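Here the structure comes first, spelled out in structure tokens, and everything after it is commentary.
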Amino acid sequence: MAQSGSVRARRSRSNLASRGFAVAQATIREWPLNLSVADRWQPQTSCASVVGVGFRVEIAGRIKLRSDAESESLETLKRRFWDGDPIFPVDSLADLFILYAARASRQGDWITLEPILDGDPKMSFSTSAFYSALCEWVDDGRIDFNGETGNGDEGSSWSYMYSANGVSQVGENFYDDSTAPAPGYRE
């Protein structure tokens, strides 16, 4: 049976702590095992993908988000997925994408996402929820995720496919072992 993300996170933190490393609480996503899947997807920190212990992820793709919907999407996504931390100011969608493990550039109605190669972007429940929530404004495109497996090897990959009907997931999310996008959004 595959380990859940919370079990992996606890083991990673206790493993580091036992070797004398200080591990910041805010950087690890730990979920009570008795929560429903819907409860687990409530984002509690937006910085988990930028700093801390966890599973590395590379995110790339191309999505269609109309430029006239950018302001509305930015304000809504900031309310849901940014904790207001002044260390990580968010003034644009590109800033939010960096918090959630990708670099973004816009050309017309299309946003291209590229992996962050000069940092250590991490996967989190919030990262999954953020990319699922984009379906409220994205009506075409695909985002590919590639990351470490539970044993630290590279090679786990899955995709979010966006359409006018919402978002669907192809493959298994290595972080939480899900085969569907985060609940609570159009699917």
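No lab work stands behind these numbers, since they all come straight from the coordinates. These numbers were taken from a predicted model, which means no experiment stands behind them. No Cβ is skipped: glycine too gets one built from the backbone with ideal geometry, and neighbour counts run over all protein chains shown.
Structure data summary
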read-out	value
Local electrostatic count, residue 85, Cβ distance below 12 Å [Lys/Arg +1, Asp/Glu -1]	-1
Packing-based order for 58-70, 106-118, using average beta carbon neighbours within 10 Å, highest first	58-70, 106-118
Residue-wise HN-Hα coupling along the range 126-131, computed from phi with Karplus coefficients 6.51, -1.76, 1.60 (Hz; x: Gly, Pro)	5, 4, 4, 5, 4, 5
